[in-house]
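Values in this text are rule-based calculations from the coordinates and carry no lab data. Here the structure is a predicted model, which is why all the values come from computation and not from measurement. Note: ideal-geometry Cβ built from the backbone for every residue, glycine included; neighbour counts use all protein chains shown.
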Amino acid sequence: MNSFEVNKATKVVITIFIGFAFLLVVVMVLWSMFKAPKGKDIILKNAIVETFHGNVDSIYRDSRNHNAEMLILSDGTLYGVYADWESSIDLNDSLSKSKGSYVIKVYKKNGQKMMLDYRQLVKNWH
Amino acid sequence: MTPADWVEKNGKYISDDRVVDQKTATQYQGKGAKYIGKSAEVYSKKTAIHGSGDVYTDRVTLGKDGSVSRAVRRGDFPNFETQLTLDAGDKGVINNFNGSEFVPKQTTGAYIGLSAGFAFLGGFGISSGVVMDATGSIKPYFTFSGNVGIGQGIGIDVGSITPTGGNQFYKGDFSGSSASYNIGITTPAGGFSYSKGGSVDSQSPDKLNMNSFGKNDRGYTTDQQSFGPTGKASVGAMYSYGITW
């Protein structure tokens, strides 16, 4: 095997490798655009299986996770609140979310009842 | 949109959803910040030096909806004439006769920084700069990311940040996991790349899906342009997943 043949083979391998890496990203982008689940569907898919029932024992912000408002419920659930719902939930409120439903029922301390609907939440998202 | 509360600092009036009283005004906008309220009217006067010598009264109205409106009254005229109104989200600033600045409520942010990275199927990158939030507050950031694809380069990044919900983007929201798709080109005249990304839930199995960007608690999407040095003609494409501090 002379040096010319080795160089040519190496070039071909590198070219194929570069082409593969480039195409891999292009395919991922096209998959996102045309085949992958839409963002709102991802949220609703996750929401439908959520279940928790309890009082809001603690509220804190997770500085390592985009400052998300986190709730610790009396049933042990750790729940991240979407920004549009932050002003709707307070300490000692009671939350109820059943599997198969898109709605979180919020029972306020003053007896008021609120419904937070995931379908409504994602409706106006960018 | 959440009702806006107004804060004044160093002659600049801004709207901050977190602020509800003087204590929270100082907490979020720093020492010297003054709580204004959910709405207000700010008056200033100016006397014409030449001609009539009339006194002009300037009234800036800060609305509950985050809007800012300026009206002026001449001398003893009974009515104010509206000069300019900026609604929430509009870009621009209104100044009054005292030189104070009034910014309508904003929800978006922006960042600028330097970055370097590569991918040869796999690779990594770093970037650092400053991020500015919807209230004009800034903070430094540092990002470390893992890359998949092909390409390499250094550059100056300029990006805009759009929160997914109706909330304001705050500088602390920038910290956490994020992902992006980047495509770039290098030419003998200079390098340019475009990147579309956003925050992601670090536990989510959908991080490769562009549609999941920004769909987390306090999530946001980013649009970024990068400008790099000249070089041999080449193109690159990368997916990046990173952590920002």
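For B:N95 and B:K34, compute 0.36 nm times the residue count separating them, minus their Cα-Cα distance, and round to one decimal in nm.
Working: separation 61, 0.36 × 61 = 21.96 nm, distance 1.81 nm.
Contour length minus the Cα-Cα distance gives 20.1 nm.
Helix-derived [θ] at 222 nm for chain A: sum -39500 (n - 2.57) over DSSP H runs of at least 4, divide by residue count, nearest 500? Please report the intermediate quantities before stating the final value.
Details: 3 runs with 48 residues, N = 126.
It comes out at -12500 deg cm²/dmol, rounded to the nearest 500.
What's the exposure ranking of B:V130, B:V7, B:V148, going from fewest to most Cβ atoms within 10 Å?
Values: B:V130 13, B:V7 25, B:V148 18.
Exposure proxy ranking, most exposed first: B:V130, B:V148, B:V7.
Of the candidates A:L116, A:L91, A:L24, which one comes out as most mobile in a Gaussian network treatment of chain A with C-alpha springs shorter than 10 Å?
Answer for the Gaussian network model of chain A: A:L24.
Determine which residues of the stretch B:153-179 fall in the zone a paramagnetic label at B:I126 would reach in this model, i.e. backbone nitrogen under 20 Å from the point 7 Å along Cα→Cβ.
Residues passing the 20 Å test: B:153-158, B:175-179.
Between B:Q203 and A:Q112, what's the calculated FRET efficiency when r is the beta-carbon distance and R0 is 30 Å? Round to 0.05.
Working: r = 33 Å, r/R0 = 1.08.
So the FRET efficiency works out to roughly 0.40.
Along its principal axes, what span do the Cα atoms of the protein assembly as shown show, with the longest given first and each in whole Å?
On the principal axes, the protein assembly as shown reaches 99, 64, 35 Å in Cα extent.
If you look for lysine pairs in the stretch B:109-244 that are eight or more places apart or on different chains, how many of them have Cα atoms under 19 Å apart?
Details: B:K139/B:K171; B:K171/B:K215; B:K196/B:K207; B:K196/B:K215; B:K207/B:K215.
Step by step, the pairs that qualify in the stretch B:109-244 add up to 5.
Once Rh is set to the Kirkwood radius over Cα pairs, what Stokes-Einstein translational diffusion coefficient, in µm²/s, holds for the stretch B:109-244 at a temperature of 25 °C and a viscosity of 0.890 mPa s? Provide the component values of the computation, followed by the final result.
Numbers: Rh = 14.8 Å.
Answer, rounded: 166 µm²/s.
Mind putting a number on the dipole of the stretch A:65-114 about its Cα centre? Charges go on the C-beta only, +1 for Lys and Arg and -1 for Asp and Glu, and I need it in Debye to the nearest 20.
So the dipole magnitude of the stretch A:65-114 works out to roughly 300 debye.
With springs connecting C-alpha atoms under 10 Å apart, model chain A as a Gaussian network and identify which of A:I18, A:I104, A:I42 has the largest mean-square fluctuation.
Comparing A:I18, A:I104, A:I42 in a Gaussian network model of chain A, the most mobile one is A:I18.
Pick out which of A:M115, A:M28, A:M70 has the largest mean-square fluctuation in a Gaussian network model of chain A, springs linking Cα atoms closer than 10 Å.
Evaluated over chain A, the most mobile residue of the options is A:M28.
Considering every Cα-Cα pair within the stretch B:6-102, what fraction, in whole percent, is farther apart than 21 Å?
38
In whole Hz, what ³J(HN,Hα) sequence does the stretch B:87-93 give by Karplus (6.51, -1.76, 1.60; θ = phi - 60°), x for Gly and Pro?
Residue by residue, the stretch B:87-93 yields 7, 3, x, 5, 8, x, 9 Hz.
What translational diffusion coefficient, to the nearest whole µm²/s, does the stretch B:54-172 have by Stokes-Einstein, given a Kirkwood radius computed over alpha-carbon pairs, a temperature of 37 °C and 0.692 mPa s viscosity?
Working: Rh = 17.5 Å.
In µm²/s, the coefficient rounds to 188.
Mind counting lysine pairs for me in chain A? Cα separation below 14 Å, and the two need to be 8 or more apart along the chain or on different chains.
Values: A:K38/A:K123; A:K40/A:K123; A:K45/A:K99; A:K97/A:K105; A:K97/A:K113; A:K105/A:K113.
Close lysine pairs found across chain A: 6.
I'd like to know which of A:N92, A:G76, A:M114 lies farthest towards the positive end of the charge dipole of the stretch A:41-123, counting +1 on Cβ of Lys and Arg and -1 on Cβ of Asp and Glu.
Comparing the listed Cα positions along the dipole, A:M114 ranks first.
Output the peptides B:188-198, B:206-216 sorted from most to least packed, where packing is the average of other Cβ atoms within 10 Å over each peptide's residues. Intermediate results must be reported in sequence, preceding the final value.
On the way: B:188-198: 16.8, B:206-216: 21.7.
Put in order of decreasing packing, that is B:206-216, B:188-198.
List residues of the stretch B:189-224, by number, whose backbone nitrogen lies under 12 Å from a label position 7 Å along Cα→C-beta of A:V26.
none
Which value in deg cm²/dmol, rounded to the nearest 500, describes the helix-derived mean residue ellipticity at 222 nm for chain B, given -39,500 (n - 2.57) per DSSP H run of n ≥ 4 and division by the residue count? Can you show the working numbers first?
Values: 1 runs with 8 residues, N = 245.
When only DSSP H runs of four or more count, the value is -1000 deg cm²/dmol.
For the stretch A:1-106, report the convex hull volume of the alpha-carbon atoms normalised per residue, in Å³, without decimals.
Values: hull volume 18.6 nm³, N = 106.
Once divided by residue count, the hull of the stretch A:1-106 is 176 Å³.
Among all the aspartates and glutamates, which ones have a C-alpha under 13 Å from B:K64's C-alpha, if same-chain residues fewer than 8 places away are not counted?
Within the straight-line cut-off, B:K64 pairs with B:D5, B:D16, B:D17, B:E41, B:D87.
Among B:G136, B:A119, B:F213, which residue has its Cα furthest toward the positive end of the charge dipole of chain B, with +1 on Lys/Arg Cβ and -1 on Asp/Glu Cβ?
It is B:G136.
Quote the Stokes-Einstein diffusion coefficient, in whole µm² s⁻¹, for chain B, based on the Kirkwood radius over alpha carbon pairs, a temperature of 10 °C and a viscosity of 1.306 mPa s. Present the calculation step by step, with values, prior to reporting the outcome.
Numbers: Rh = 20.2 Å.
Rounded to a whole number, D works out at 79 µm²/s.
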